[in-house]
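*Asks:* Let me give you the structure first, and then I'll get to my questions.
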Amino acid sequence: MNFITMSTSSSPQSDQASSKRRSSVNLLSKTSGTFSYSEQRTSKNLSGISLKIKESAIELKSFEKQWNKLHASGILILNSIRTLKIESMRCGEPELYPRGLQERCDQLQNVVDKMRSCLATLEVLVNQLKALVELDCMQGGNKGPIHLSWSTDKFVNVNIVFLGQAYQEICNAYTRELALKSTVTEEVCHSPTKESLVYLISSWTLQPYLTKKCKTMLEIIFYETDSR
């Protein structure tokens, strides 16, 4: 990218229910074991729902690590852009687009593209968790402890939000954050003043859409699944 130039419908309810059931079963078809809650659950010996929740938490942790790494890379690139542009502003004949700017903007765009790819993986995970919760409800879950302390009904309740909804809220937060980072990437090249550069870089660095609530939900999920 150059920054410098610039229905079929038959029986509604029964079909919808069977479709959800097929979707849930397909998503979880590779799971070994049964979905019985009568057995003891430990972090070393998991199966069924417990195993799927544990796996989802591990994937979520992996996503968070990848995102944080890319976030840090973006900060380094933005600081490099700021230095380049401020040095140009101090010249006798300042240039809005100094030499080397395009290369750095391309690097920043590459970071955002990788973030978008990570987010797509998280969206798949969210859909799998929704299917998992649906399947659990179909099979009459909520009968015993799953991980460290929560019973099934409490595990699907994070700050009075169902587990699937908690994952969705986390995904929504990162989606909004990605949109902000995309805007920063588009605007930073054209910033004419030091103040506007500082504002854009601060917006990237602070990640305002990753709120305390979002971070708390992440920590609770990691703690309860022993995925910290």
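*Asks:* Return the FRET efficiency for the residue pair E55, T175: r is the Cβ-Cβ distance, R0 is 22 Å, and the value is rounded to the nearest 0.05.
*Replies:* Details: r = 22 Å, r/R0 = 1.02.
So, using R0 = 22 Å, E works out to roughly 0.45.
*Asks:* Would you mind computing, in nm to one decimal, how far apart the modelled labels at R228 and K69 are, each placed 7 Å from Cα along Cα→Cβ?
*Replies:* It is 2.3 nm.
*Asks:* Just the Cα atoms of the stretch 174-228: what Rg and Dmax do they give in Å?
*Replies:* Spelled out, the Cα radius of gyration and Dmax of the stretch 174-228 are 15.2, 48 Å.
*Asks:* Same structure again: Once you list every other residue whose beta carbon is under 14 Å from the beta carbon of S73, what net charge do they have if Lys and Arg are +1 and Asp and Glu are -1? It would help to have the intermediate numbers written out before the result.
*Replies:* Working: positive: K65, K69, R104, K114, K181; negative: D106, D113.
The answer is +3.
*Asks:* Just the Kirkwood number for the stretch 53-104, please: inverse of mean 1/r across all distinct Cα pairs, in Å, one decimal. Could you put the intermediate results ahead of the total?
*Replies:* Values: mean 1/r = 0.0748 Å⁻¹.
For the stretch 53-104, inverting the mean 1/r across all distinct Cα pairs yields 13.4 Å.
*Asks:* In addition: Could you go through the stretch 57-64 in sequence order and give the Karplus-derived ³J(HN,Hα) for each residue, using 6.51 cos²θ - 1.76 cosθ + 1.60 with θ = phi - 60°, rounded to whole Hz, and x for Gly and Pro?
*Replies:* My calculation for the stretch 57-64 gives 5, 5, 5, 5, 5, 5, 4, 4 Hz in order.
*Asks:* Which order do peptides 103-113, 164-174, 85-95, 208-218 fall in by mean Cβ count within 10 Å, highest first?
*Replies:* 164-174, 103-113, 208-218, 85-95
*Asks:* OK, next. Which links in K61/K85; K52/K181; K65/K213 stretch past 30 Å when you go from one Cα to the other?
*Replies:* Numbers: K61/K85 36 Å; K52/K181 32 Å; K65/K213 18 Å.
Too far apart for the 30 Å limit: K61/K85; K52/K181.
Where a number appears in this text, it was derived from the coordinates with a stated rule and is not lab data. Quantities reported herein were computed from a predicted structural model and do not represent experimental measurements. Cβ sites come from the backbone with ideal geometry, for glycine too, and all protein chains shown count toward neighbours.
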